[in-house]
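A.B. asks: Below is one structure. I have some questions about it.
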């Protein structure tokens, strides 16, 4: 019972940040008194609801894997595999978050300037460097999972 309670307590921050915040934003956005044009722009150009659903879904899986990892024995292969999957999904979650759900663009975002009639003005952002930093941090996270497992095993 102590392992389950400890795993649940360690999972609560993950649930709050990765699941509850996107759901909270999704359901409170319509009541934020934003103009209807702004909300429709966010939904049409960024796919805001799909993006937030995607974040919450990935967050649920990561939180579940964190809980399972807390229950398993520290030196077991099962815990290593669960930790590696959790690290890989955390990389995907981070990439999904910083690319606003468009991972294929790899840090290049082009938006039409809102509320201006034709001809529309396009604004482009290039933040591929940040995407590469997230990939490096994720790779280091995977190495940490392996080194922790070897340290407990050895």
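Any read-out appearing in this document is the output of simple, stated calculations on the displayed coordinates, not a laboratory observation. Just so we're clear, the structure is a prediction, and the values are computed from it rather than from any experiment. Counting neighbours? That spans all protein chains shown, and the Cβs are built from the backbone with ideal geometry, glycine included.
A.B. asks: Please give the Cα centre distance for the range 28-73 versus the range 129-154, rounded to the nearest Å.
C.D. replies: 25
A.B. asks: Ok, one more. Could you grab the Rg to Rh ratio for the chain? Cα atoms only, Kirkwood for Rh.
C.D. replies: Expressed as Rg/Rh, it is 1.09.
A.B. asks: Round to the nearest 10 and give me the degree value, 0 to 90, for the angle of helix 2-15's Cα axis relative to the longest principal axis of the chain.
C.D. replies: It works out to around 20 degrees.
A.B. asks: I would also like to ask the following. Would you please put 51-64, 123-136 in order of how densely packed they are, using the mean number of other Cβ atoms within 10 angstrom per residue and starting with the highest?
C.D. replies: Going from most to least packed, we get 51-64, 123-136.
A.B. asks: Just order 34-40, 65-71, 97-103, 144-150 by mean Cβ neighbour count inside 10 Å, highest at the front, would you?
C.D. replies: 65-71, 97-103, 144-150, 34-40
A.B. asks: Explain nothing, just the number: relative contact order of the range 2-153, from Cα pairs under 8 Å at least 6 residues apart, as a whole percent.
C.D. replies: 23
A.B. asks: On C-alpha positions alone, give me the angle between the axis of helix 77-98 and the longest principal axis of the chain, in degrees, nearest 10.
C.D. replies: Taking the Cα atoms of the chain, the angle to 77-98 is about 10 degrees.
A.B. asks: So, one more: Note the angle between two axes, namely the Cα long axis of helix 48-71 and the longest principal axis of the Cα atoms of the chain, as a number of degrees from 0 to 90, rounded to the nearest 10.
C.D. replies: Once rounded, the angle reads 10 degrees.
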